[in-house]
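The values are calculated or read from the model by the stated rules, or taken from the named source; none is laboratory data. Here the structure is a predicted model, which is why all the values come from computation and not from measurement. Cβ coordinates were reconstructed from backbone atoms using ideal geometry, including for glycine residues, and neighbour counts include every protein chain displayed.
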Amino acid sequence: GSGFCLMTQQFVRSRESGSAVSRGPIVQFKLSDIGEGIMEVTVKEWYVKEGDKVSQFDSICEVQSDKASVTITSRYDGVIRKLYYDVDATALVGKPLVDIETESGSEVIQEEDVVETPAMAREEHTHQEIKGHKTQATPAVRRLAMENNIKLSEVVGTGKDGRILKEDILNFLAKQTGAILPPTPTPAVTKPPPTTPKPVFTGKDVTEPLKGFHKAMVKTMSAALKIPHFGYCDEVDLSRLVALRAELRSVAEGRGVKLSYMPFFIKAASLGLLHFPILNASVDEGCQNITYKASHNIGLAMDTNQGLLVPNVKNVQLLSVFEIAQELNRLQALGSTGQLGTSDLTGGTFTLSNIGSIGGTYAKPVILPPEVAIGALGKIQVSSKLFQDDQSRNMKISVNVLMQFLRESFRSIFSVSSGAFCRSWSSSVQLVTEGLMEEVEMFYYRSLSE
Amino acid sequence: MSVYVSSVVNADVWFTLNYTRNCSQLRTRTVVSCTAWICGGTAPSGGCRHKLIILRSRSTDVYQNLALEDWIDANVDLQRRGVLLLWRNRPAVVIGRHQNPWTECDLRAMRRVGIPLARRRSGGGTVFHDLGNLNLTFFTSKKAYDRKRNLKVITEALRRVRPGLDVQATDRYDILLNGHYKISGTASRLSRKSSYHHCTLLHSADRSALSAVLRPSCPGIHSNATPSVPSPVANLLDHAPTLQWEELLDGLEQQYSTGTLLLLLASPGSDSTFPGLSRTVAELRSWDWTFGKTPKFSVQTLLDLTDGRSPARSSARLHMEVKNGLMESCELDVPEDWLPRPLSAELMNSLVGERFCPHRAAAAAAALLRTESGERQSRLHNLCDAVVSVMG
């Protein structure tokens, strides 16, 4: 590795070794400064013994000082040749702790205290268990790479020490798919600069002309049901939500509101749309302009005696889950008596469906123009999973989410993993659930107390 | 537009709940409730701008919370930011990294009332956790490790919420109330580049439960394990009866991070948010970690032998060497007239190499007991019971 070579450059001498087998230079690895002016520690446990091979960052021993437990890790690759202390002995800071025989060269080296060598390239996809070692890409970045089937080794890292950043993955993806990154951020779709970033609800729609390639892709929208769809499917863990709803149900009923899962899903969708406003956009018939809608009017497909209707809940971004539930009850009541009005049935900006299909085939939902996306929820299923420690057995309740959106527009406008929205939606569900569990009074009764 | 995979999220974008809490100072806070963990590594520009993050754990499971500490230590880039984790556990006994559970706590009593034992990664002594005990963990880079500064956050916060409260940090890194009662103890862990310092803060712990379990399981244990230093303790609530839990947490959070706070609620039950966490939880629950990490010790004690059938009494000398939680050697000096030597020797042999654990020992002995009958069996049974009782 590069770090190691740096060391040998400093220490290689030209003298020949006397023995037949050339042995490496033995480095006296000293106990480095622990901080807080501590001068001595007690050795509590050795993780290595003489003759063991060690790699850089492997744990060597555990020492204790004044209620602080410290893991000492190796700075070198090599073989342990000598342990200077027994367990329970007092080790002195600045004095040799172990001797490590490194490769090539031939001297006993008095090693200077720590010059941190740059992080060496290690196996990419594994989450290193070696204490103290951080991988060269964060868990999130690794996941992004894995989802897109990208080998980290193929990506050039531009972060500190060659670390791979999220931008590097996105750039790699863009090159791969030939998709183009958005030229300039649109007003409602801004890249958060270091200081800002809340998605502020301005209440204004923003319309802009569709640029060249967008236009071409979206042209087909004019033919109903011939919208090029792109699907993404994900499984969302609902265990917490189920528990929460069970708790809140009776309270809601006490207030005359029937609480199903849909209000949570709808709120979650709205939270997701804050992050992906393009999914709440609409395109005009001539495919000239794309309008980023400010309100989240989320439609819910309903099977009524008038057939399949999609009334929508207006301004979900302003509503609490309870308020959404109230509104849903109202729409459902109207739907069952055939009394849904035009205002309820128009103005939708995004749709959720928990019915197999809306006019589509093979249980795939179809986007309703002028919307650009639709989310379909499958059946809620219960599966039981035994985790590694068999003392906790979790019931996993999940739902499959199928997102459909305009394929090309999504890919070209975003150049990001299509899973992102689904995952953000799934996180939103968790988020809404968590938010509610913690702040249940705030969310839930806000409308009631005002 | 900046898009993030859900596990790295610019948290203050998700949703902002602006509200003011009922505390002495009105503050606007960004409270984000999310299982999506943020700030892994070097976040790109537009990433989390907060230098100090506060996490409250949603879990009250001691193993999950300890595993969460490990996870934060290993996965968050602490070179550029600090993290304060606030957590509390359902009743549990937590021993330090290099302690001996058999000397520190009464394992039998704990088993009877269902109080689990956990060994943490940091050094220091034994503590009893319950829901009235607040744990604070200050995560920083190794360079920024400073226990005094962290304790100052606590003492300043306490003085702020209750002016006139006499709280002082000592040079042993305890916090004393009224110069006398310990309300906080400290332990820490340093890794290659990062560190964490955690401390307890007694708000309203059950002190009677504490004293019932924090005593040795059995006499006669000699070891070099870190001993605990007992001190008189007190609860904050006893001396500041109106100081509620939320107010305490608020005060601490505001002292830690002045200005806009970033407060996250973490649910360490989910591996998708905290990859690898369940593996750590499993490790922390395991016998090999909890008991097997006990430094070498020896047991030397006198066993009281009785015979159920007659008033005959005797005593036997027991000497065991235990390393890595396993009985390396067992010697039993039983009077020949009580039990023939070969029999007690067989008992000892069956135990060598076994875990120093009453269940394992009882199982080993049970096989032997089946081969005997009558008075010999009764006495052997008695001897086995006495040996097993030493193991907690």
Assess whether residue B:334 counts as being crowded, with 19+ Cβ neighbours inside 10 Å, assigned by the TED database to the domain that holds residue B:303 and over 30 Å from residue B:290 (Cα atoms). yes
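Of the residues that make up segment B:337-346, is at least one outside any helix (DSSP H, G or I), surrounded by fewer than 13 Cβ atoms within 10 Å (Cβ to Cβ) and over 37 Å from the mean Cα position of the chain (by Cα)? First the steps, then the outcome.
First, pick out the residues of segment B:337-346 that are outside any helix (DSSP H, G or I): B:337-340.
From the residues that got through so far, the ones that are surrounded by fewer than 13 Cβ atoms within 10 Å (Cβ to Cβ) too are B:337.
Remaining after also requiring over 37 Å from the mean Cα position of the chain (by Cα): B:337.
Looking through segment B:337-346, at least one residue is outside any helix (DSSP H, G or I), surrounded by fewer than 13 Cβ atoms within 10 Å (Cβ to Cβ) and over 37 Å from the mean Cα position of the chain (by Cα).
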Give the residues of segment A:64-106 that are facing another protein chain (nearest Cβ under 9 Å), without any contact (Cβ under 8 Å) to a residue 40 or more places away in the chain and in a strand (DSSP E or B), sorted by residue number. A:64, A:65, A:68, A:69, A:70
Note down all Cβ pairs under 9 Å where the first residue falls in segment B:90-104 and is under 15 Å from residue B:221 (Cα atoms), the second is assigned to a helix (DSSP H, G or I) and modelled with pLDDT under 95, and they're at least six residues apart or on different chains. B:101/B:107
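Looking for whichever is over 19 Å from residue B:218 (Cβ atoms) and among the polar types (S, T, N, Q) here; the options are B:310, B:298, B:315, B:329. Which one fits?
B:310
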Quick one: residue B:93 ticks every box in (1) assigned to a strand (DSSP E or B); (2) surrounded by fewer than 23 Cβ atoms within 10 Å (Cβ to Cβ); (3) more than 10 Å from every other protein chain (Cβ to nearest Cβ) except a single one, so which number is it? (2)
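Considering B:134, B:176, B:190, which residue is under 20 Å from residue B:96 (Cα atoms) and more than 10 Å from every other protein chain (Cβ to nearest Cβ)?
Every option except B:134 fails the conditions.
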Looking only at segment B:192-240, and only at residues there that are of a type in the set (S, T, N, Q) and in a strand (DSSP E or B), the one that is surrounded by the fewest Cβ atoms within 10 Å (Cβ to Cβ): B:223
Tally the residues that are of a type in the set (Val, Ile, Thr), in a loop (DSSP other than H, G, I, E, B) and modelled with pLDDT under 90, restricting the search to segment A:26-60. 2
Within segment B:193-211, which residues are farther than 22 Å from residue B:89 by Cα and among the charged types (D, E, K, R)? B:193
Could you tell me which residue of segment B:137-173 is farthest from residue A:34 (Cα to Cα), considering only residues that are more than 12 Å from every other protein chain (Cβ to nearest Cβ) and assigned to a strand (DSSP E or B)? B:167
If you go through segment B:129-138 one residue at a time, do you hit one that is buried (at least 20 other Cβ atoms within 10 Å of the Cβ), among the aromatic types (Phe, Trp, Tyr) and free of Cβ contacts under 8 Å to residues at least 60 places away in the same chain? no
